[in-house]
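All remarks here apply to the structure that follows.
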């Protein structure tokens, strides 16, 4: 299914579908997929994080980063949204725009995401050399 119509496809890191996780993006139990536009944030689906845990000896495991990227790219995701990213951000930011939010509750971040849509879209369009952004 091609989710990339109008807007940007975003993935939100969560364990309970209500709150952002307070850990690194890749440690979420699941990802909520939404289509973000300049007027709306439309729920599309939920996917489980099926990647394996990092080895105790390898923090910022490139295999884990690649696995998460593969899962999310298959869903058409362009933007990752979380309260925290770990050292693997240097790998995933080449494939996704990364947005750090301050809110704990997911629904409280909608207004800020919508308000910053143009800037988020610009970050996505910058390509592999992009930097993360905070909203």
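So that you can scan it fast, the table gives a plain yes or no per residue for (1) closer than 19 Å to residue 8 by Cα; (2) touching a residue at least 40 places away in the same chain (Cβ under 8 Å); (3) surrounded by fewer than 17 Cβ atoms within 10 Å (Cβ to Cβ):
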residue	(1), (2), (3)
33	yes, yes, no
39	yes, yes, yes
94	yes, no, yes
127	yes, no, yes
131	yes, no, yes
- Query: Could you say whether any residue in the stretch 51-61 is in contact (Cβ under 8 Å) with a residue 24 or more places away in the chain and in contact with a strand residue (DSSP E or B) (Cβ under 7 Å, 6 or more places away or on another chain)?
  - Reply: no
- Query: Can you pull out the residues in the stretch 96-123 that are under 15 Å from residue 32 (Cα atoms), buried (at least 17 other Cβ atoms within 10 Å of the Cβ) and more than 11 Å from the chain's Cα centre (by Cα)?
  - Reply: 106, 109, 113
- Could you please find all residues in the stretch 6-20 being under 17 Å from residue 100 (Cα atoms) and surrounded by 19 or more Cβ atoms within 10 Å (Cβ to Cβ)? 8, 9, 10, 11, 12, 13, 14, 20
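Where in the stretch 61-134 are there helices (runs of 4 or more DSSP H), lying wholly inside it, with at least 2 residues that are modelled with pLDDT under 95?
Values: elements: 62-74, 89-92, 110-115, 117-125.
Fully inside the stretch 61-134 and qualifying: 62-74, 89-92, 110-115.
The values are calculated or read from the model by the stated rules, or taken from the named source; none is laboratory data. Worth saying up front: this structure is predicted, and the values here are computed from it rather than measured. Please note: Cβ atoms are built from the backbone with ideal geometry, for glycine as well, and neighbour counts cover all protein chains shown.
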